[in-house]
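*Asks:* Below are the structure tokens for one structure; questions will follow.
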Amino acid sequence: MVVSILKKADKKLKKLLELTSYLCNSKKSSIRAISLSLNRSRSSIQNDIQEIKQILPSSWTLQVDPYSGVELIKPFNQTENDLIAFFVQKSLVFQLVFAPFRNQFSTIAEASDALFVSKKALYDLISQLNMALETHKLVFDKKKSYYHRKRRSCTKFLLMFTNLLR
């Protein structure tokens, strides 16, 4: 449930998780096969593969061969869910959503500086996030980084995120 909320809020995260899931559940695949399967351009897939390679945990390996294809090699003691949790925790939306519970920053200006992102990009992300949070009757304040609504709803939301970290 938490991952679906974050995927709604962050398109980039959604794209990376779709590609990661595809790679986890397949053997070697060509860029063409992946792009057809995910209905995205080859260049988009190649860019996403490069991004995944940069942030992939050291115990995982992403082999890219122009002739034989792309293969994600996972450690025997980890699953696709472990990798998904890792990517989610690295995402900008996760850091933004979790910040009020950590008292990391109190304004969007501070968040912008701390996360190295423009204020406009954060405002756009917060708009997307609020659409995803609507069903949970939560609203992320655009001026300050905190949630509006009942304390109980916020606590429930925090518990969902804490479970994701386990």
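*Asks:* Under a straight-distance cross-link criterion of Cα-Cα below 19 Å, which aspartates and glutamates are reachable from LYS53, leaving out those fewer than 8 residues away in the same chain?
*Replies:* The qualifying aspartates and glutamates are GLU18, ASP65, GLU71, GLU80, ASP82.
*Asks:* A further question follows. If all Cα-Cα distances of segment 56-138 are sorted into 10 Å bins from 0 onward, what percent lands in each bin, rounded to whole numbers?
*Replies:* Percent of pairs per bin, in order: 14, 34, 25, 22, 4.
*Asks:* Sequence-distant or interchain residues sharing an amide H contact under 5 Å with THR107, placed H: which?
*Replies:* So THR107 has HN proximity to SER145.
*Asks:* Compute the Cα gyration tensor for segment 1-126, then decide on rounded, prolate or oblate, letting a ≥ b ≥ c be the square roots of its eigenvalues: rounded whenever a/c is under 1.5, prolate when a/b is larger than b/c in the other cases, and oblate in all that remain.
*Replies:* In terms of gyration-tensor shape, prolate.
*Asks:* Additional query: Starting with the fewest neighbours, write out ASP65, ASP82 ranked by other beta-carbon atoms found within 10 Å of each beta-carbon.
*Replies:* Starting with the residue having the fewest Cβ neighbours, the order is ASP65, ASP82.
Every number in this text was worked out from the coordinates using simple rules, so none of it is lab data. Predicted, not measured: the structure shown is a model, and the values here were computed from it. FYI the Cβ positions are ideal-geometry reconstructions off the backbone, even for glycines, and counts take in every protein chain you see.
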